[in-house]
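Only one structure is covered here, and it is reproduced in the block below.
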Amino acid sequence: MLVEKHRIAQVIAMKTRGQITAQAIEGHPALLAKAGIKPPCSFSEHNRYMIDLYLERRPNQLTDNTHLISTTEQWLNESDLVMLKKERRLNLEFDFKRKLINPRMIAVDGREHIAFDSSPWRSAEEAQQARVLFDGWRTDNCLKTMADWESWEDYYESAITTKGTGIKVTTEGSVGLLRRIFIRAAVQKYWGCDRGLTYKALAEQLTALGYKTTTDECKNAKRSKLPEHAVPVTIRSMRLTKVLLNHYPTMDLYKLFPQGRMDEVMHLLGELV
């Protein structure tokens, strides 16, 4: 038998055991699960405090983690029951127990915040990998806007696509991966990327297009391994792909991007103006 537990107009579902009522329904109590946060205010203000904390959170923000010492500590140290003053890094980000899809911005409490649908991961290993990578990304980021999503998508896709390829991810992310692999294909005369340009001319062309490249990079690419299917499918890599296709219309996308994702590549390219 189904039993109604809560009735609210809008909920902020942050993570497991982390839900806030963004918009209540008159006559029904608010839903509030604080994800381990201890609001420094009266109970009646807890929901308001959590809304503001979530929507205004910042990378590396600290929160109070003061607590009583454990029974074990009392016993081993023959100590009284005392309070330990501590702080810990705030973590109200999604826990990636499901895969986030369909990102968009919505209105929440008079402000804008990113929202998603979700779907199951294909495997426990895929989910665990995403959680590990996200823990690395969120060290200096919060997932609040579409720009944040673009940054996270680039970080995640770059990591999983290049695994086992022998090519390293740099601070350029997916754009740098595509740029470097394209240069290798161009100077080695593969995949429809060759127009007979000299190293200097190729470097100047890419730089003029907005992707800084040196002559030495092009020279060194002649001897570098050319990995197939190693370019991540991200909005950032698609922008560069579209630019390159204007100059190299015979460029073989099937060699660049992961197998089984060409429909996604073509869809993203079609959405770019």
On the given criteria, is Leu53 within 30 Å of Ala127 (Cβ to Cβ), surrounded by 15 or more Cβ atoms within 10 Å (Cβ to Cβ) and without any contact (Cβ under 8 Å) to a residue 60 or more places away in the chain?
yes
May I ask you to say which residue of Phe96, Phe116 is touching a Pro at 6+ places or on another chain (Cβ under 8 Å) and under 30 Å from Asn47 (Cα atoms)?
Phe116
Across the stretch 12-40, the tally of residues that are free of Cβ contacts under 8 Å to residues at least 12 places away in the same chain and loosely packed, with under 11 Cβ neighbours inside 10 Å stands at 2
Verdict on Lys86 being modelled with pLDDT under 90 and either on the phi < 0 side of the Ramachandran plot or open to solvent by 80 Å² or more (accessible area, probe 1.4 Å) (or both):
yes
Complete set of residues in the stretch 128-158 that are touching a residue at least 12 places away in the same chain (Cβ under 8 Å) and among the polar types (S, T, N, Q)
Gln129, Thr139, Asn141, Thr145, Ser151, Ser158
Which one is most open to solvent (accessible area, probe 1.4 Å), of the residues in the stretch 221-265 that are assigned to a helix (DSSP H, G or I) and within 16 Å of Leu197 (Cβ to Cβ)?
Asn246
When the residues of the stretch 132-180 are filtered to those that are among the acidic types (Asp, Glu) and closer than 23 Å to Ile51 by Cα, which remaining residue is least open to solvent (accessible area, probe 1.4 Å)?
Asp148
Could you please give the count of residues in the stretch 1-32 that are in a loop (DSSP other than H, G, I, E, B), aliphatic (A, V, I, L, M) and within 15 Å of Leu92 (Cα to Cα)?
0
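Being surrounded by 10 or more Cβ atoms within 10 Å (Cβ to Cβ), in contact with a Cys (Cβ under 9 Å, 6 or more places away or on another chain) and either closer than 30 Å to Pro232 by Cβ or of a type outside the set (D, E, K, R) (or both) is true for just one of Gln74, Gln61, Gln129. Which residue is that? Quick ask: steps written out before the conclusion?
On the way: Gln74 fails: in contact with a Cys (Cβ under 9 Å, 6 or more places away or on another chain); Gln129 fails: in contact with a Cys (Cβ under 9 Å, 6 or more places away or on another chain).
Only one candidate qualifies: Gln61.
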Conditions (1) open to solvent by 50 Å² or more (accessible area, probe 1.4 Å); (2) over 25 Å from Gln23 (Cα atoms): number failed by Arg48:
(2)
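Identify all residues within the stretch 104-126 that are closer than 26 Å to Gln10 by Cα and open to solvent by 40 Å² or more (accessible area, probe 1.4 Å); write none if there are none. Break it down stepwise before answering.
Here is the first cut: in the stretch 104-126, the ones closer than 26 Å to Gln10 by Cα are 104-121.
Residues satisfying the conditions are Arg104, Met105, Ile106, Ala107, Asp109, Gly110, Arg111, Glu112, Phe116, Asp117, Ser118, Pro120.
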Set Leu206, Leu268: member being modelled with pLDDT under 95, in contact with a helix residue (DSSP H, G or I) (Cβ under 8 Å, 6 or more places away or on another chain) and outside any loop (DSSP other than H, G, I, E, B):
Leu268
Between a first residue in the stretch 58-86 that is free of Cβ contacts under 8 Å to residues at least 24 places away in the same chain and under 30 Å from Lys144 (Cβ atoms) and a second residue that is open to solvent by less than 90 Å² (accessible area, probe 1.4 Å) and polar (S, T, N, Q), which pairs have beta carbons less than 7 Å apart while being 6 or more apart in sequence or on different chains?
Lys85/Thr66; Lys86/Asn65; Lys86/Thr66
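The values are calculated or read from the model by the stated rules, or taken from the named source; none is laboratory data. Keep in mind that this is a model prediction, so the values were computed, not measured. All Cβ positions, glycine included, derive from the backbone under ideal geometry; neighbour counts span all protein chains shown. Note: areas computed on protein heavy atoms with side chains; ligands, DNA, RNA excluded. Shrake-Rupley method; radii C 1.70, N 1.55, O 1.52, S 1.80 Å.
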